[in-house]
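Below you'll find the structure, written out as structure tokens, and then a few comments.
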Amino acid sequence: VSKNVRCPIEDCSMGGLRSREELADHCRIEHSDMGEFEIVERIFSSMEEMEKWKHQMESSSTAAFTKDSNQGCRHYYWCNRGNKKRTHDSEINRNSSRVQSHCSAFINVTLRSDGSV
């Protein structure tokens, strides 16, 4: 299993983590003195309602979420505050394979069959 997510806190001795979910748990446990870290589950009646909430979150914080993947009924957004570097290759931006720092904020969206999110 790839461990390419690194804690963005300077001088943190934690090596690579497998996911942003692990990063959020790590920050909640190890860096609680630096702020609140939690995973919150919300249910929206539609994707439009979720998008409005996402824009409100971006407006009230320094976060800016970028859609990272779209796998059918699942959408994943990561915050661009981390220094996740990109490499340029024939005019296509691709993620570097080396371990990089990430913001602990993310949005994991599941579209349900009843239209709720």
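The values are calculated or read from the model by the stated rules, or taken from the named source; none is laboratory data. Not measured: the values here are computed from a predicted model. All Cβ positions, even for glycine, are placed from backbone atoms using ideal geometry, and neighbour counts span all protein chains on display. These accessible areas exclude ligands, DNA and RNA; they are computed on the full protein's heavy atoms, side chains included. Shrake-Rupley method; radii C 1.70, N 1.55, O 1.52, S 1.80 Å.
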Q) Cα-based count: Lys pairs in segment 1-86 below 21 Å, eight or more positions apart or different chains? A) 8
Q.
Give me the one-decimal nm value for the distance between modelled label points at N80 and S60, 7 Å along each residue's Cα-to-Cβ direction.
A. 2.2 nm
Q: Rounded to the nearest 0.05, what FRET efficiency do E36 and S113 give with R0 = 30 Å and r taken as the Cβ-Cβ distance? Could you check?
A: 0.35
Q) Of the peptides 16-23, 55-62, how do they stack up when ordered by the mean number of other Cβ atoms within 10 Å, highest first? A) 16-23, 55-62
Q. Rounded to the nearest 10 Å², what accessible area does I43 show when all protein chains are kept and the probe is 1.4 Å?
A. 100 Å²
(Q) Can you classify segment 1-42 as rounded, prolate or oblate using the Cα gyration tensor, where a ≥ b ≥ c are the square roots of its eigenvalues, rounded means a/c under 1.5, and otherwise it's prolate if a/b beats b/c and oblate if not? (A) oblate
